[in-house]
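Right, one structure below, let's go through it.
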Amino acid sequence: MISKNLINNRLFKIISVLVVACMLMVLLPACGEKPVKVPEYDDTVAPVDKVEYFAIVSNIDEVNGKIKLRSVGYTSERMLKFTGGADVKDKFGEIIPMSSVALGSVVDVVYDANRDKLLSLHLSSSEFLEKKEGVAAEEIDYLGKTVKIDGKQYRMSNNVCAFSDNKEIELNEICSEDQLTVWIYNNVVCSFNVELGHGYVKLADYASYLGGMVEIGYDVIVPVTEDMLLTVREGTYTLRISKGGDSGTKEVTVEKNKEQVVSLADIAIEPKQTGSVLFHVTPSDAAVYIDKVRVNTEGAVDLIYGKHRIDIVKEGYDNLSGTLTVKEPYKVREYKMTEESTTETTARSQTKSGKTSKSTTNTTTEKTTEATTTENDGTKDVSGASGEKTDNKVTISAPVGASVYFDGEYLGIAPISFKKVTGSHVITLSQTGYLSKSYTVTFTDDGKDESLTYDNLVSITSLIE
């Protein structure tokens, strides 16, 4: 009799053989088929794909580790990531921090195209690249698209870009008072960066200097007018103001994009002693000129103590000219003119007839027409700007409510229209509670009106928040 243990051992062996056979049937390849190859997976990243790039630095975001680059001569841009391990050097091969790379710089870049990651950035040392510093923005010719630097004229690229305060700006936001760094490649201007910007000076207590001249900064020399706002390069200057033989000075510090109110109360011109002169002239309708300025003799005329030139003129009479001394609070002066002889009067009339008389009449008519037109269509006149006045106008429609200044002269509140004057000028927009803003414009006598619309001014409160 077979024992129970023996049966169990044989049963275990049979089961084991069957299990092994089943495993072999699953694992062994079928007859005539190739062995199945189990794929191997590589978890490593793709290899570095290095790409060289010749570009302009248009934005640097150090907080998020990103840099934006623009192809030289093109508008295409590429955003790259960078870390502290990026190879950043100046044109001499010295390591520099990314923070010292100015916007507008022309650079040689190598990046990993597979990751959009910056590998190296070197300020370009190309022999065709020039970097000009301390360039006056007034040398920019916006119409001709050229820049004059050290006596040489450079053409601006069609895609020229401009930067200020670590951000890109429009080209017309560069003011003539600014100081620039300019990058030039192959004699073509690629980019501008504002080294020194501009601020604003508003005069207060200036009444005694109206009609005089004010000088501040490098080339700001303008007549003193009502409510004027001067655009001046940032820095500390001596403001000089004068009228006649009187003058005064003040030290002024101009901060970028800020408005500085300067009171002239402490250097105001002291009022001079005056006397009233009542003129009795015969004939009574003769024209009286004091210091070459016609005065109204229907009542007493106030004149500063001292000597003055007097001229009395009337058609058909001998002119009277001489010196008038004012030294009393009140004085009556009598003047009697002598009629010209008949021969002289006839000769004079013949000389002034014809073309001369016609010219005088035309001039009077033209002035009357101009004054009427200006009053009727609401077009403001521009008195102090350099250039030729045209028959056209400039209209600024926005930002609504902003004060408009033309080369520092106050014109009024937008929307507003004013006489078009040829040449390059600075339009400044100012509003209480907002940052003032200047734009450079260039006008030609092309027979066309100009319509300008600008962005809303930036609220000072928004900057604080």
Looking only at the range 116-160, and only at residues there that are part of a strand (DSSP E or B), basic (Lys, Arg) and touching a strand residue (DSSP E or B) at 6+ places or on another chain (Cβ under 7 Å), the one that is surrounded by the fewest Cβ atoms within 10 Å (Cβ to Cβ): Arg155
Identity of the residue in the range 239-260, in contact (Cβ under 8 Å) with a residue 60 or more places away in the chain and in a strand (DSSP E or B), that ends up surrounded by the fewest Cβ atoms within 10 Å (Cβ to Cβ): Gln260
Every pair of residues 6+ apart whose Cβ atoms lie under 9 Å, when the first sits in the range 449-463 and is surrounded by 13 or more Cβ atoms within 10 Å (Cβ to Cβ) while the second is of a type in the set (Lys, Arg): Asp449/Lys393; Asp449/Lys420; Glu450/Lys393; Glu450/Lys420; Tyr454/Lys437; Leu457/Lys437; Val458/Lys437
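Condition check: over 28 Å from Gln260 (Cβ atoms), of a type outside the set (D, E, K, R), touching a strand residue (DSSP E or B) at 6+ places or on another chain (Cβ under 9 Å) and touching a residue at least 60 places away in the same chain (Cβ under 8 Å). Does Thr428 satisfy that?
So Thr428 does not fit the description; no.
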Subset tally (residues that are of a type in the set (Asp, Glu) and in contact with a strand residue (DSSP E or B) (Cβ under 8 Å, 6 or more places away or on another chain)) for the range 271-297: 1
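In the range 407-426, which residues are surrounded by fewer than 18 Cβ atoms within 10 Å (Cβ to Cβ) and either touching a Lys or Arg at 6+ places or on another chain (Cβ under 9 Å) or not assigned by TED's automatic domain parsing to the domain that holds Glu388 (or both)? Walk me through how you get there before you give the answer.
Within the range 407-426, the first condition is being surrounded by fewer than 18 Cβ atoms within 10 Å (Cβ to Cβ), and the residues that meet it are 412-413, 415, 422-424.
Gly412, Thr422 - these are the residues of the range 407-426 that are surrounded by fewer than 18 Cβ atoms within 10 Å (Cβ to Cβ) and either touching a Lys or Arg at 6+ places or on another chain (Cβ under 9 Å) or not assigned by TED's automatic domain parsing to the domain that holds Glu388 (or both).
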Subset of the range 186-196 that is surrounded by fewer than 22 Cβ atoms within 10 Å (Cβ to Cβ) and in contact with an Asp or Glu (Cβ under 8 Å, 6 or more places away or on another chain) - its residue that is farthest from Val107 (Cα to Cα): Leu196
Within the range 278-289, considering residues that are touching a Phe, Trp or Tyr at 6+ places or on another chain (Cβ under 8 Å) and assigned to a strand (DSSP E or B), the one surrounded by the fewest Cβ atoms within 10 Å (Cβ to Cβ): His280
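The values are calculated or read from the model by the stated rules, or taken from the named source; none is laboratory data. Not measured: the values here are computed from a predicted model. Because the Cβ atoms are built from the backbone with ideal geometry, glycine has one as well, and the counts that use them run over all protein chains shown.
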